[in-house]
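S.K.: What follows is a single structure, and I will ask about it in a moment.
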Amino acid sequence: MITEPRIPDPDGFYAALLAAHEGRTDAQSADLNARLVLLLANQCADQDLLLACIRAAAEDTTTTTAP
């Protein structure tokens, strides 16, 4: 599993992702995220890798919330 950044323009990608969520309700944003995950998973098409990514994401405890 590759964990180091490889997106050529991460800021541009993030801006596009945020723009896709503009004007959507929380439920619509959640649906968009789910569709995006499934589309990206289909691009990968490696079941073992996808399952490893699910496990890694589920174990991630580095995310913090703002006070």
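The values are calculated or read from the model by the stated rules, or taken from the named source; none is laboratory data. The shown structure was predicted, so the numbers you read here are calculated from the model rather than taken from an experiment. Heads up, the Cβs are rebuilt from the backbone with ideal geometry, glycines too, and the neighbour counts pull from every protein chain shown. Please note that ligands, DNA and RNA were not included when accessible areas were found on the heavy atoms of the full protein model with its side chains. Shrake-Rupley method; radii C 1.70, N 1.55, O 1.52, S 1.80 Å.
S.K.: Of these, Asp26, Asp48, Asp60, which one is of a type in the set (D, E, K, R), open to solvent by less than 90 Å² (accessible area, probe 1.4 Å) and without any contact (Cβ under 8 Å) to a residue 60 or more places away in the chain?
M.R.: Of the residues listed, the single one that is of a type in the set (D, E, K, R), open to solvent by less than 90 Å² (accessible area, probe 1.4 Å) and without any contact (Cβ under 8 Å) to a residue 60 or more places away in the chain is Asp60.
S.K.: A further question follows. Inside the range 14-67, can you point out the residues that are part of a loop (DSSP other than H, G, I, E, B), modelled with pLDDT of 95 or more and over 22 Å from Glu4 (Cα atoms)?
M.R.: Of everything in the range 14-67, those that are part of a loop (DSSP other than H, G, I, E, B), modelled with pLDDT of 95 or more and over 22 Å from Glu4 (Cα atoms) turn out to be Glu22, Gly23, Arg24, Thr25.
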